[in-house]
């Protein structure tokens with residue numbers, strides 16, 4: 001059993017500090033920064049995905065339209081799903097490194113300082 005009195009540094013972060021950070025304007029800004037990218041990008045991707053799925057169900061003639069040889073609109077839409085997934089991942093990483101990570105790092109450092 002360890003002594004958890006305030007005089008003994010345990011390396012543990014007090015629960016009050018987590019609550020303090022959670023209620024801070026900096027944490028609210030971090031959540032807003034994340035959500036301002038994640039929610040719109042998710043909506044755009046889902047619209048694009050469902051356009052592909054619904055097009056495959058209800059617009060078969062369009063999806064079977066030949067673009068070049070055996071290459072059809074449906075295949076281009078399908079390949080576009082992969083491209084858009086990688087693009088969104090790249091955009092998120094770029095956004096996170098530039099905007100989210102510095103805010104999260106500052107909050108983490110604040111919490112870690114309280115454990116010393």
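Values quoted throughout were computed directly from the atomic coordinates according to the rules given, and no laboratory measurement underlies them. Note that the structure is a prediction, hence the values are computed from the model and not measured. Counting neighbours? That spans all protein chains shown, and the Cβs are built from the backbone with ideal geometry, glycine included.
Taking the 0 to 90 degree range and rounding to the nearest ten, how far is the long axis of helix 25-58 tilted relative to the main principal axis of the chain, both from C-alpha atoms? Taking the Cα atoms of the chain, the angle to 25-58 is about 20 degrees.
Residue separation times 0.36 nm, minus the C-alpha to C-alpha distance between residue 84 and residue 22: what's the value?
Taking 0.36 nm per residue and subtracting the Cα distance, the gain is 19.0 nm.
Considering helices alone, the calculated mean residue ellipticity of the chain at 222 nm is -24000 deg cm²/dmol, with DSSP H runs of length four and up weighted by -39500 (n - 2.57) and normalised per residue. On the beta carbon distance between residue 71 and residue 93, with R0 = 25 Å, the FRET formula returns roughly 0.25. Within the listed set 59, 68, 38, the residue fluctuating most in the Gaussian network model of the chain (springs between alpha-carbon atoms under 10 angstrom) is 68. Taking label points 7 Å from Cα along the Cα-to-Cβ direction, residue 111 and residue 31 give a separation of 1.4 nm. Sorted largest first, the spans of the alpha carbon positions of the stretch 39-85 along the three principal axes are 38, 22, 9 Å.
Computed with the Debye formula from one identical point scatterer per Cα of the chain, without solvent, the log10 of I(q)/I(0) at q = 0.17, 0.18 Å⁻¹ comes to -0.90, -0.95.
Taking the number of Cβ atoms within 10 Å of each Cβ as an exposure proxy, the fewest-first ranking of 63, 41 is 41, 63.
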